[in-house]
Every structure is written in structure tokens, then in C-alpha cells.
């Protein structure tokens with residue numbers, strides 16, 4: 001029947017279109033996750049030091065899921081055009097597995113974004129930051145963060161005054177109310193006015209906190225992985241339902 | 001004795017007539033529009049305004065700063081001489097009720113104070129002589145959070161000629177332990193809950209669809225098998241041979 005043929009062709013066309021979109025989104029997801037993982041100015045060492053870098057685990061899963069979606073989309077297109085039950089069954093099962101992984105990645109990214117509050121970074125900085133040689137990962141990351149963003153501490157230099165810290169154990173309060181990196185430095189890395197910095201004169205020390213500089217990338221990352229992945233999964237859901245319907249109607 | 005200076009009264013009951021100036025030392029403050037000094041009080045230092053235009057007329061005097069704990073102000077005898085064991089910083093606060101430090105002359109406190117200049121005294125900034133008994137007038141870091149009271153004393157030779165009032169009590173900062181930072185109790189955001197719920201529902205529907213597919217794999221029920229035909233299947237046209245003049249039979 002012509003009508004049935006038309007329905008078939010329309011459904012095939014929709015499924016092919018759906019799979020094309022899935023393939024492109026898969027590539028985009030993989031690219032985005034690769035960017036997050038390899039971003040040199042990111043806050044990965046800080047997250048690693050919190051021992052809760054599941055946001056990065058979510059990004060790694062996103063890379064593989066993205067490529068898998070691309071490959072499966074091609075398989076789906078071939079299966080739909082050839083109306084092969086076997087191919088489409090393989091496609092559906094593999095897609096469901098990929099769906100499950102991507103679901104895990106999205107939920108992980110969203111959950112752990114909620115976990116990374118100011119206090120987590122504050123605690124980690126106070127426990128890990130030591131200006132002694134050799135510098136550990138946390139110290140190096142914080143130094144770079146404070147130099148690049150002209151900020152100090154998580155909430156401000158008063159973090160070092162309000163709480164005890166590993167830094168305070170090795171540097172006395174009178175000479176180092178806050179680390180030297182919080183001072184405004186000249187081109188050689190020497191404080192412009194050390195006394196002004198110790199006094200806390202605005203202009204000779206950085207009085208704002210670094211939390212905004214941290215939470216920006218983390219938020220972008222979590223939103224990118226979690227919500228883009230969610231959108232892809234919703235679209236994939238529709239395509240899979242259509243494919244299942246198509247599969248059940250194929251002659252064999 | 002410059003009795004004509006305003007705001008001055010003589011302490012006649014004392015044998016040594018030291019002039020008591022109506023001025024109390026205060027913590028440094030910038031103009032009301034400017035932000036405070038970040039290091040106004042730290043765990044072991046604090047910053048005072050310089051006594052500009054206070055000791056006018058008292059030339060040839062040494063102006064000392066006397067620092068005492070709040071409850072010990074009455075134990076300070078103005079006949080005490082600086083640079084001796086009874087006013088040595090190193091014995092403060094156990095053996096010495098009040099120590100004298102920050103020696104200066106009137107030339108260090110020119111009057112009037114130029115506009116825009118920060119004229120401060122940082123009490124507690126010298127860490128090198130903290131244990132050095134040979135430097136009793138060391139401006140060492142304060143050992144306890146206080147509260148402290150300070151006053152300025154002008155000595156001519158070794159005789160007191162003028163002094164200010166005691167300041168209001170100055171309390172230093174106390175650092176809280178790192179363990180007091182709360183890191184638990186971060187709520188799950190609404191977005192994360194919505195994302196998890198929706199994805200779980202979608203995944204469950206897909207699994208149900210897959211189950212339905214597999215259950216009905218082999219069966220021809222639901223009229224599915226003949227709904228869509230494979231492209232390579234032969235299209236059989238049935239001809240109604242009995243009625244050659246009738247319309248040709250419809251295509252399949």
C-alpha cells in the first residue's frame with residue numbers, strides 16, 4: 001500500500017535524521033569533554049586533591065560515550081536503511097548500554113558539582129597550602145591561581161587569619177599574616193611594598209577571594225557535561241523508541 | 001612646662017609632674033570612605049594611629065609606647081624606665097606587667113599630618129628580637145590574644161614629662177581550628193534531582209521497550225510482521241484473471 005510505504009519511508013527518514021543528530025552530538029560531547037579534561041588553566045589539581053574528582057571521571061566517560069554515540073549512529077543509519085532486524089537489535093542494545101553510561105556521567109557531574117562548595121576548597125587550601133620547598137600540588141595550583149587572578153584565599157586573605165592552617169605552622173603570623181603570593185608583585189615576583197602588604201593596605205595586597213575564579217570553570221564544566229548529556233539522552237530516547245517501533249514492524 | 005597647650009592638665013598628686021594629655025591611642029583608621037586595613041588586627045599584631053599633633057611642644061623627649069594587658073594597667077608605674085628588665089618585652093606578660101617599645105621622637109610624628117598619608121604604628125612587627133634579652137625594647141609579636149591597652153609616654157632623659165590616656169581594650173584575632181569548617185550538609189540542588197529522576201524514568205521506559213521487543217521476537221502477533229516490507233522483497237501483483245476488463249488488482 002502506498003500509504004504504508006510512505007509511512008515506512010517517513011519513519012525511515014526520521015530515524016536516519018535522528019541518528020545523524022545523535023552522531024553529531026556525540027562528536028560534540030566528546031570534543032567538549034576532551035577540552036575540559038585537557039584544559040591547562042583548569043582547576044583539575046585542586047579537584048584531584050579533594051579526592052573527589054568525580055567530575056573529571058564524568059568527563060572521561062563523556063569522551064567515550066561521545067565516540068560510541070557517533071559509531072552507533074552510523075550503525076543505526078545502516079540498519080534502518082537495510083531494515084535489518086539483527087543490526088537494529090544490536091544497535092538498540094548497544095545504545096541502551098551507552099545510555100546507561102551517559103546517564104551515570106550526567107548524574108555524577110551534577111551531584112559532585114553540588115558537593116564542591118566554598119568550604120570544601122577552604123578546608124583543602126588550609127590543610128594543603130604550604131609555602132615550603134618542595135611545593136606540593138595544592139600549593140602550586142593555588143600559587144598559580146592567585147597569581148593569575150590577583151586574588152587571595154578562597155574568601156579573602158582573612159582566611160589565613162580566621163583559621164589555623166598548615167601555612168601558619170611554618171610561617172609566623174607577624175611576618176606572614178597571609179602568604180606572599182597575596183601581595184601585589186612586580187615583574188620579578190617581589191612584593192611591591194612588603195610592609196603595605198603586611199598591613200593590608202588596599203593596592204598592595206589582593207583583598208578579594210579566589211572562589212569566583214574557581215567556581216566559574218567548575219560550573220561551566222558541570223553544566224556542560226551534565227546538561228548537554230541530558231539533552232542528548234532525551235533525543236536518544238525518542239530515536240530509540242522510534243527504532244524499537246520500526247524494528248517490531250520489519251518483516252523477517 | 002607648656003601649660004598653655006589645650007586639653008592638658010597636670011597630675012599634681014604625683015611627685016613627678018607628668019602632664020596627662022587628653023588623647024587615647026586608637027587603632028589605625030583610614031578615611032570613612034576607604035576600606036579598612038586588612039591587617040588592622042591579626043593574631044599577634046595590631047596597628048595604631050601615630051600620635052600626630054599630640055605631643056606638641058614636648059621637644060627633646062623620647063616618646064615610648066607602653067603595652068599592657070587589660071587588667072594590668074594599674075600595675076604600670078610611670079617611673080619605670082625603658083630598656084630595663086622590668087619593662088622588657090621578653091618578660092611580658094608573666095614577669096613584666098607592661099613593656100615599653102617603639103621609641104620615637106617628635107620629629108617622627110610631624111604635625112599636621114599630610115593628607116592621604118598612612119601614619120601608623122604596627123605593634124608586634126619585629127620577630128627577630130623576640131627571644132633576645134639584649135633588646136628589651138623589642139617590638140615583638142604579642143603572645144596572647146589580649147585584650148591589650150596601650151598608652152604613649154614621653155620621657156625626657158629618664159623622667160616622664162607627658163603621657164596619654166590608656167586606650168580602649170584591643171583584642172586580637174583568634175584562629176579557629178580547621179575542623180570547625182562545616183563541609184557536610186550540602187543540599188542536592190533541584191536541578192540534580194530533576195535530572196536524575198527524568199533520566200531514570202526514560203531509561204526504565206527503554207528497558208521495558210526492549211523487553212517487549214525480545215518477548216515478541218518470534219511471534220507474528222500485533223500484526224507487525226506484515227506492516228513494513230523489506231525493500232528487496234518481491235512485489236507480487238495479483239491479477240484477477242476472471243475479470244480481465246476489471247481494474248487490475250491493486251498492488252500489494
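Do we find that residue A:242 is under 16 Å from the mean Cα position of the chain (by Cα) and not assigned by the TED database to the domain that holds residue A:145 in this structure? Even if it seems obvious, please write down each step before you answer.
On the way: under 16 Å from the mean Cα position of the chain (by Cα): no; not assigned by the TED database to the domain that holds residue A:145: yes.
Answer is no for this residue.
Answer yes or no as to whether residue B:89 is crowded, with 17+ Cβ neighbours inside 10 Å, farther than 30 Å from residue A:203 by Cβ, touching a strand residue (DSSP E or B) at 6+ places or on another chain (Cβ under 6 Å) and within 14 Å of another protein chain (Cβ to nearest Cβ). Don't jump to the end; show me each part of the working.
Values: crowded, with 17+ Cβ neighbours inside 10 Å: yes; farther than 30 Å from residue A:203 by Cβ: yes; touching a strand residue (DSSP E or B) at 6+ places or on another chain (Cβ under 6 Å): yes; within 14 Å of another protein chain (Cβ to nearest Cβ): yes.
When the stated conditions are applied, residue B:89 passes them.
Working only within segment A:83-105, note down all residues that are within 19 Å of residue A:23 (Cβ to Cβ) and at pLDDT below 90.
A:84, A:105
Hey, among the residues in segment A:125-137 that are crowded, with 21+ Cβ neighbours inside 10 Å and assigned to a helix (DSSP H, G or I), which one's nearest to the chain's Cα centre (by Cα)?
If we filter segment A:125-137 for residues that are crowded, with 21+ Cβ neighbours inside 10 Å, which is where we start, we get A:125-126, A:129.
Filter once more, keeping what is assigned to a helix (DSSP H, G or I): A:125-126.
Numbers: A:125: 21, A:126: 24 Å.
For segment A:125-137, the residue satisfying everything is A:125.
Do you know which of the residues in segment A:227-246 that are more than 19 Å from residue B:204 (Cα to Cα) and within 11 Å of chain B (Cβ to nearest Cβ) is surrounded by the most Cβ atoms within 10 Å (Cβ to Cβ)?
As a first pass, look at segment A:227-246 and keep what is more than 19 Å from residue B:204 (Cα to Cα): A:227-228, A:246.
Restricting the remaining residues to those that are within 11 Å of chain B (Cβ to nearest Cβ) gives A:227, A:246.
Values: A:227: 15, A:246: 20.
Applying the filter and picking the extreme gives A:246.
Residues are listed down the side, and each one gets a yes or a no for (1) assigned to a loop (DSSP other than H, G, I, E, B); (2) farther than 30 Å from residue A:115 by Cα; (3) assigned by the TED database to the domain that holds residue A:92; (4) at pLDDT below 80:
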{"site": "A:3", "(1), (2), (3), (4)": "no, yes, yes, yes"}
{"site": "A:12", "(1), (2), (3), (4)": "no, yes, yes, no"}
{"site": "A:15", "(1), (2), (3), (4)": "no, yes, yes, no"}
{"site": "A:21", "(1), (2), (3), (4)": "no, yes, yes, no"}
{"site": "A:33", "(1), (2), (3), (4)": "no, no, yes, no"}
{"site": "A:47", "(1), (2), (3), (4)": "no, no, yes, yes"}
{"site": "A:62", "(1), (2), (3), (4)": "no, no, yes, no"}
{"site": "A:67", "(1), (2), (3), (4)": "no, no, yes, no"}
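Restricting the search to segment A:102-123, which residues are more than 8 Å from chain B (Cβ to nearest Cβ) and more than 16 Å from the chain's Cα centre (by Cα)?
Scanning segment A:102-123 gives A:118, A:121.
Residues that are within 15 Å of residue B:164 (Cβ to Cβ), free of Cβ contacts under 8 Å to residues at least 60 places away in the same chain and not in a loop (DSSP other than H, G, I, E, B): does segment B:66-84 have at least one? I'd like the intermediate steps shown before the answer.
Of the residues in segment B:66-84, the ones within 15 Å of residue B:164 (Cβ to Cβ) are B:66-68, B:73, B:76, B:78.
Of the ones still in play, those that are also free of Cβ contacts under 8 Å to residues at least 60 places away in the same chain are B:76.
Narrowing the set further to residues that are not in a loop (DSSP other than H, G, I, E, B) leaves none.
No: segment B:66-84 contains no residue that is within 15 Å of residue B:164 (Cβ to Cβ), free of Cβ contacts under 8 Å to residues at least 60 places away in the same chain and not in a loop (DSSP other than H, G, I, E, B).
The values are calculated or read from the model by the stated rules, or taken from the named source; none is laboratory data. None of these values were measured; they are calculated from a predicted model. Heads up, the Cβs are rebuilt from the backbone with ideal geometry, glycines too, and the neighbour counts pull from every protein chain shown.
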